[in-house]
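These notes are about the structure you will find just below.
Read-outs: derived from the displayed coordinates by stated rules, not from any lab. Predicted model only: the values in this text are computed from it and were never measured. Here the Cβ positions follow ideal geometry from the backbone for every residue, glycine too, while neighbour counts run over all protein chains shown.
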Amino acid sequence: MPTSSATDASKPAASGGGVQSLERAFDLLERMADAGGEVGLSELSASSGLPLPTIHRLMRTLVDCGYVRQQPNRRYALGPRLIRLGESSARLLGTWARPYLARLVEETGETANMALLDGDEIVYVAQVPSKHSMRMFTEVGRRVLPHSTGVGKALLAHTPPEEVRALLARTGMPAATEKTITTPEGFLDALDLVRRTGYAVDDNEQEIGVRCLAVPVPNSPTAAAISISGPAGRVTEAATEKIVPILQGIALELSAALASTASAQA
């Protein structure tokens, strides 16, 4: 979920004729997501600038609706009703992406995927398969850990190192193959390479014989990446030089399309 802009007590009644309490409630939900999904009222007050009584009133409403739950330690956590909304929006995002993934398949010849960062995991939300008889299939809805995937590297490349280390501590770094990166230092080095080159590589790290190239979708409403995957014998270093600019160009087009859709619905 994208980082929200600050909301403070001096903010005028909602912009564009909207409802201020709704804007504030969604802002609090986004702040909770940015903080890892669980916060205290004082933390929300400090980050949003809203007075504690206002936050308490909004949180009680969100608790009553099931979008937030109160923990035994009195802190607040994102609630289960958000899961259904998230799954529906992820499916919709995948639907919007399919024409762009289809073009990616046409131009590269390899299977194209779209994935999101959902909590500490990568979830695949769309795929268009290659026309080759030898190809990679990733089931839509499949969840994997970020450290062994190209999309995971693309999605985490600009995340602060301390947050990456915390995520890896929570998930562990099990080896899917002998080429999987299994140390935080090794993964942080891989993220540094992504930042320098502009793309991520999974070189037999999730599955032996399969190579993936991935790039983030800039300014996506939620952290998203697209990738191509295929046999290592086809997705060679020479092929990488041709494929990466195509990936980056289509990611930019998809980003513009998502921004246009968002503005049209605003």
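General observations
- Gyration tensor verdict on the range 121-266 (Cα atoms; rounded if a/c is under 1.5, prolate if a/b is larger than b/c, oblate otherwise): oblate
- Per-peptide packing, taken as the mean over residues of other Cβ atoms within 10 Å, places 149-155, 217-223 in the sequence 149-155, 217-223 from highest down.
- Full-stretch length increase - residue 242, residue 65 - with 0.36 nm per residue and alpha-carbon distance subtracted: 58.7 nm
- Placing one equal scatterer on every Cα of the range 15-79 and applying the Debye formula, the log10 ratio I(q)/I(0) at q = 0.18, 0.19, 0.23 Å⁻¹ is -0.58, -0.65, -0.95.
- Within-11-Å neighbourhood charge of residue 202 [Cβ basis; K, R +1; D, E -1]: 0
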